[in-house]
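Asker: The structure's right below; bear with me while I get my questions together.
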Amino acid sequence: MGKSKSGGDAKEKQPALLTGDSKATDRSFEAYPVPAKLAASSSVPYQRNNWQTSVDGPAMVVLTVLCAITRLYQIGKRATVTWDESHFGKFGAYYINRTFYHDVHPPLAKMLIGFSEFLAGHNGTFNFKGDYPSYVNYKFMRMFTAAFGIGLAPLAYLTCLQLNMSRKMCTLAALFVILDNGLCVMSRFILLDEPLLFFTAASLCSVAGFQNNRHRAFSGAWWRWLLLTGASLGCVSSSKWVGFLAVALVGLYTIEELFNMYTEFVPVKTVAKHFFARVVGLITVPLVIYLACFKIHFTLLNRSGPGDATMPPAFQARLRGSPLSSQPFEIMYGSELNLRSMHPGSGILHSHPHKYPEGSQQQQITCYGHKDSNNNFILVKPVGQEFNYTAEPLVAVRDGDVVRLQHKQTKAMLHSHRAHKAPITTKNFEVTAYGKPEWKDPNNDWRIEVVKEESTVQDSNLHTITTQFRLRHDKIGCLLTAAAVKLPSWGFRQTEVSCSPANDLNAPASLWVVERHINKRVPSVDMRPKVRSSFLRDFMRLNIEMARSNNALVPDHDKYNHLESGPITWPFLVYPMRMLGSWKKGDIKYYEIGNPLLWWSSTLACLLFPLQLAYYAARRMRGCNDWASPGEELHYWNVSKLLWGGWALHYLPFFL
């Protein structure tokens, strides 16, 4: 190293090219011209091969055993469902029973818990409340989850090794993980946190290994670390969405790396090769893993369960045991219907005896996300078109028909008027339940406009599930709309329903389908061959519903209790967490608190780091040189940006 292609000295105008020498420079890429100042430096310690099997392998084995002792000791002593085991153990059992459920988190970590229950021989009958029965091998389930927490210690050692720290510091980092009380307690229960932390640590370790092999671009080791980074990112984001913060860390690192290549005049062809390699490793691989987890999730959960209502009717109809899978197909006058809004998160058309506190003060019309008898409406003809719905021949509902919808429980009619605006979306008109069936009120009349038919039956009739349609007010001309806007407490936080004069024909909020159809005079048919759905559409819908559920988890500051705290208190251990709902005398208790020595010192280091950067910047401006070589300063930055950047990205967003 130190010679150009022409054999000249490194100080000549043409700098040296990368030769694969491990002492070249930290910013080294395939056929990347090395600046002469860096090429002349032989004291760059971070590009040597730090891995020594004879030392590091046994060291990691010993550290793993020590970590296992702290995590597994008396792990089954408390034979009662503890903390969020009541949620995640139950979710794991859903995979045993293959019943569909809804949760705010992606499925990978929960599928791993379900796999542990399968290995433990659980039959899926325990509801994870109270004491564990004898037939539930909860100790094995906890040990399975604890294995991910145990894996944090060798990952800490290997990460520091890839960041070219000394083996003493690698060992110290692993001991910090082993001796942290918070990590130890969290590892002892059936929770999502340990798989999440394991995949987060694996992401950091992988990107550190990739960084350590940058001077060997496109080699086998370089590709292995790149693909391992992508796989880790896919797993961490498929466990909890907070895993996308690890994706952000690697993304920012990658952007900086590519930017440095471009600004340092690396050939465009080489930059392009690096760019597309990262597209494959850091975008395609994580995306494939994320999609695959949901594909497995849908495949396993093929039976009707408590999460059905969050998904479109076409999806529900394909689930075994779903009430939507067998029902009348042709909609007839006199049929009892549930109408679902096609806007994600809106729910099913609903009414109840409660009145609007302002405006017309008539009976509320809302959308409700769960199955309920107050969701039932009867479709009838307008007043003046007398019809015996039980005796006369059946008449199909067609595109363009003017109909009325009568709420079955209260007998009131679906109604709108110009006199009052909607309570929240004031640009729209209020929608109420008002009037009696015999009243001739044109404000109760709605015209059906078929928009899309997804079955093979292409006629003008209205069909269960497969027909998307609008309900246009026959007098005003506005469209019945539910845009997932929540009402205040007087509306029970249900979705506002209004009548929109905007006439946005393609808005999902104005599209409806018949989800449930009851008519004893019409024979039921198997709906599964008639409905159409696709994995990508179901995937998108479920992720939208997960986001809506997640965004609804906001703290109620009027109901703060001893289990809640703000992020400003976390690094200082101001409010440790009780892992039990009760604190009775004689009970086995778990109190999660981090090791104060580790947490307070690391918090201080993280807070002082920006000041340290400012100090070195000021020294540089004054012409002072605090580094043995330019490569040493660059190495300091490359290590610290991963460690401090990871901390900042996983902590500061919670203030939002």
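Asker: Taking Cβ-Cβ under 4.7 Å as the only way to count a partner, pick out the unpartnered cysteines of the chain.
Answerer: Taking the Cβ cut-off of 4.7 Å, the unpaired cysteines of the chain are CYS67, CYS184, CYS205, CYS235, CYS293, CYS367, CYS606, CYS624.
Asker: With a ≥ b ≥ c taken as the square roots of the eigenvalues of the C-alpha gyration tensor of segment 383-476, please select rounded if a/c is under 1.5 and otherwise prolate if a/b is larger than b/c or oblate if it is not? Write down the numbers at each step before the final one.
Answerer: Working: a/c = 2.24, a/b = 1.27, b/c = 1.77.
Since a/c reaches 1.5 but b/c is at least a/b, the shape of segment 383-476 is classed as oblate.
Asker: Measure up LYS129/LYS240; LYS436/LYS530; LYS440/LYS486; LYS486/LYS520; LYS129/LYS486 against 29 Å on the Cα-Cα distance and list the ones that go over. Before the final figure, lay out the partial values.
Answerer: Numbers: LYS129/LYS240 24 Å; LYS436/LYS530 36 Å; LYS440/LYS486 32 Å; LYS486/LYS520 35 Å; LYS129/LYS486 32 Å.
Those over the limit are LYS436/LYS530; LYS440/LYS486; LYS486/LYS520; LYS129/LYS486.
Asker: Now for a separate question. To the nearest 0.05, what FRET efficiency results for LYS77 and LYS486 with a Förster distance of 51 Å applied to their C-beta separation? Intermediate results must be reported in sequence, preceding the final value.
Answerer: Working: r = 44 Å, r/R0 = 0.86.
Using R0 = 51 Å, I get an efficiency of 0.70.
Asker: Taking amide H positions as placed in the peptide plane 1.01 Å from N, state which residues far from VAL525 in sequence (5 or more) or on other chains have amide H under 5 Å from it.
Answerer: For VAL525, whose amide H was placed from the backbone, the distant partners under 5 Å are GLN327, PHE329.
Asker: For THR80, which sequence-distant residues (separation of 5 or more, or a different chain) have an amide H within less than 5 Å of its own amide H, given hydrogens modelled in the peptide plane?
Answerer: TYR132
Asker: Okay, next question. Any idea how far apart LYS295 and ARG493 come out in nm if each label point goes 7 Å out from Cα toward Cβ?
Answerer: Taking the two extended label points, one gets 3.6 nm.
Asker: State whether the chain is rounded, prolate or oblate according to the following rule on the C-alpha gyration tensor (a ≥ b ≥ c being the square roots of its eigenvalues): a/c under 1.5 gives rounded; otherwise a/b larger than b/c gives prolate, and the remaining case gives oblate.
Answerer: Numbers: a/c = 2.47, a/b = 1.91, b/c = 1.29.
Prolate, since a/c reaches 1.5 and a/b exceeds b/c.
Asker: Sorted by accessible area with a 1.4 angstrom probe, largest first, how do TRP512, TRP600 fall?
Answerer: Numbers: TRP512 0, TRP600 140 Å².
Ranked list, largest accessible area first: TRP600, TRP512.
Asker: Quick one: what are the phi-derived ³J(HN,Hα) couplings along segment 643-656, Karplus 6.51/-1.76/1.60 with θ = phi - 60°, whole Hz, x for glycine and proline?
Answerer: Per residue, the Karplus-derived 3J(HN,Hα) values read 6, 5, x, x, 4, 4, 5, 8, 10, 4, x, 6, 6, 7 Hz.
Asker: Determine the shape class of segment 157-197: with a ≥ b ≥ c the square roots of the Cα gyration tensor eigenvalues, call it rounded for a/c under 1.5, and otherwise prolate if a/b is greater than b/c, oblate otherwise.
Answerer: On the way: a/c = 5.06, a/b = 2.09, b/c = 2.42.
Since a/c reaches 1.5 but b/c is at least a/b, the shape of segment 157-197 is classed as oblate.
Asker: Length gain on complete extension for the stretch ASP372 to ASN543, per 0.36 nm per residue less the alpha carbon to alpha carbon distance?
Answerer: Net length gain for the segment: 59.1 nm.
Asker: Kindly write out, for segment 287-302 in residue order, the coupling ³J(HN,Hα) from the Karplus curve 6.51 cos²θ - 1.76 cosθ + 1.60 (θ = phi - 60°), rounded to whole Hz, with x marking Gly and Pro.
Answerer: For segment 287-302, the Karplus-derived couplings read 5, 4, 5, 4, 5, 4, 4, 6, 4, 5, 4, 5, 5, 6, 8, 9 Hz, x marking Gly and Pro.
Asker: Here is a follow-up. What accessible area per residue comes out for segment 608-654, rounded to a whole number of Å², with a 1.4 Å probe?
Answerer: Working: 2820 Å² over 47 residues.
It amounts to 60 Å² per residue over segment 608-654.
Asker: While we're here: What's the carbon and sulfur percent of segment 422-463's accessible surface, probe 1.4 angstrom, rounded to a whole number? List each step's numbers first, then the result.
Answerer: On the way: 1020 of 2030 Å².
Ligands and nucleic acids excluded, carbon and sulfur reach 50 percent.
Asker: Can I ask one more? Which residues' amide hydrogens lie under 5 Å from the amide hydrogen of HIS105, considering only partners 5 or more residues apart or on another chain, with H built in the peptide plane?
Answerer: none
Asker: With every protein chain kept in the model, how would you rank THR467, THR426 by accessible area, 1.4 Å probe, largest at the top? Could the numbers behind the result be given before it?
Answerer: Details: THR467 0, THR426 85 Å².
Highest to lowest solvent-accessible surface, that is THR426, THR467.
Asker: A follow-up question, please. Summarise the accessible area of segment 51-159 (1.4 Å probe, protein heavy atoms) by the percent that is carbon and sulfur.
Answerer: Values: 2930 of 4530 Å².
The nonpolar share, carbon plus sulfur, comes to 65 percent.
Asker: For segment 338-397 and segment 263-317, what is the separation of their Cα centres, given in Å?
Answerer: What the calculation gives is 39 Å, centre to centre.
Asker: Enter the accessible area per residue of segment 159-214 (Å², integer; probe 1.4 Å; all protein chains in place). Let's see the in-between values first.
Answerer: Details: 1600 Å² over 56 residues.
Using a 1.4 Å probe on heavy atoms only, each residue of segment 159-214 averages 29 Å².
Asker: Here's a follow-up. How high is the relative contact order of the chain, in percent, counting Cα pairs under 8 Å that sit 6 or more residues apart? Intermediate results must be reported in sequence, preceding the final value.
Answerer: Details: 1161 pairs, mean separation 88.7, N = 656.
The value is 14 percent.
Asker: At a probe size of 1.4 Å, how large is the accessible area of TYR389, to the nearest 10 Å²?
Answerer: Looks like 70 Å² after rounding.
Asker: Got a number for carbon plus sulfur as a percent of segment 591-656's accessible area, 1.4 Å probe? Walk me through the numbers before you get to the answer.
Answerer: On the way: 2920 of 4180 Å².
Summing carbon and sulfur atoms, their accessible area is 70 percent of the total for segment 591-656.
Asker: Another question, if that's okay. Expected output is a single nm value to one decimal: the length gained when fully extending between THR456 and VAL554, i.e. 0.36 nm times separation in residues minus the C-alpha distance. What is it?
Answerer: Values: separation 98, 0.36 × 98 = 35.28 nm, distance 4.39 nm.
This chain segment gains 30.9 nm when fully extended.
Asker: What does the accessible area per residue of segment 294-381 come to in Å², with a 1.4 Å probe and no ligands, DNA or RNA counted?
Answerer: That works out to 33 Å² for each residue.
Asker: Report GLU386's accessible area, 1.4 Å probe, all protein chains in place, as a number in Å² to the nearest 10.
Answerer: GLU386 has an accessible surface of roughly 150 Å² with all protein chains in place.
The values are calculated or read from the model by the stated rules, or taken from the named source; none is laboratory data. Small disclaimer: the values here were computed from a predicted structure and weren't measured. We place every Cβ from the backbone using ideal geometry, glycine too, and count neighbours over all the protein chains shown. Just so you know, the surface numbers come from the protein's heavy atoms only, side chains and all, with ligands and any DNA or RNA stripped out. Shrake-Rupley method; radii C 1.70, N 1.55, O 1.52, S 1.80 Å.
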